[in-house]
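The values are calculated or read from the model by the stated rules, or taken from the named source; none is laboratory data. If you're wondering where the values come from, they're calculated on a predicted model, not measured in any experiment. As a convention, Cβ positions derive from the backbone with ideal geometry for all residues, glycine included, and neighbour counts pool all protein chains shown.
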Amino acid sequence: MSATERGRRRGGALEAAILDATWAELLEHGYAGLTMESVAKRAGTSCPVLARRWANRAELAVAAIRNYNKHNSVDVPDLGSVRAELIALLQKLSNRGATTMTKTLLTVSDFKEIAATVRDLLMKDTCDGALERVLNRGVQRGELDRDRITPRILALPLNLLRYEVITTRKAASKKSIEEVVDTVFLPLVEKRQSA
């Protein structure tokens with residue numbers, strides 16, 4: 001069906017179609033195979049329409065990944081224990097990263113093109129505050145010491161997970177995630193018993 005058969009789309013509807021088409025192209029061909037032409041064809045629009053919104057394919061890819069993350073947030077319910085919630089969250093992120101982010105971003109030949117946003121795309125945007133919600137519940141339950149959760153320590157489990165997913169190109173095992181939670185992260189942030 002051509003763009004004229006579908007009717008002329010504008011604004012949000014057109015942008016949504018373009019971002020969906022970009023995401024589909026990223027999943028099928030990776031970033032290395034992404035072109036403005038292939039996105040325009042899939043979205044039923046033209047390259048000049050894309051160029052008015054995004055200066056290049058890097059900006060378009062970033063917008064599509066952010067759009068995907070926004071509409072596919074990762075969260076875990078209150079499971080009564082910060083350990084259980086962290087393991088569940090990291091497993092969800094690992095599975096998602098292995099099935100989507102490795103396909104879309106690990107094909108980048110010139111990583112500098114989008115390197116400035118990769119960290120946020122892979123974890124911060126993907127997490128969409130889920131890690132902070134889990135940790136806040138742990139603080140409220142008295143399991144964690146808020147003062148010990150520095151920005152570097154907060155990033156630690158996500159960085160370790162991202163490293164494993166990127167280097168192995170598959171989801172981290174439950175055992176591996178439990179090791180990160182039990183031997184690396186929780187000992188750094190657990191509330192210490194006063195003597």
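For this structure, a couple of remarks:
- Test: residue in the stretch 9-23 that is polar (S, T, N, Q), part of a helix (DSSP H, G or I) and without any contact (Cβ under 8 Å) to a residue 24 or more places away in the chain: no
- Only listed residue being assigned by TED's automatic domain parsing to the domain that holds residue 136 and either exposed (fewer than 13 other Cβ atoms within 10 Å of the Cβ) or of a type outside the set (Ser, Thr, Tyr) (or both), chosen from 57, 53, 42, 96: 96
- Residues of the stretch 24-56 classified as charged (D, E, K, R) and over 22 Å from residue 13 (Cβ atoms), total: 1
- Hey, residue 59 modelled with pLDDT of 90 or more and among the charged types (D, E, K, R) or not: no
- When residues in the stretch 139-174 are screened for being more than 22 Å from the chain's Cα centre (by Cα) and either among the basic types (Lys, Arg) or not assigned by TED's automatic domain parsing to the domain that holds residue 81 (or both), 3 of them pass.
- Pick from the stretch 12-39, criterion farther than 24 Å from residue 97 by Cβ and charged (D, E, K, R), ranking: farthest from the chain's Cα centre (by Cα): 37
- From 99, 45, 4, residue being out of contact with any Phe, Trp or Tyr (no Cβ under 6 Å at 6 or more places or on another chain) and either closer than 30 Å to residue 143 by Cβ or modelled with pLDDT of 85 or more (or both): 45
- Test: residue in the stretch 140-154 that is part of a helix (DSSP H, G or I) and closer than 18 Å to residue 100 by Cβ: no
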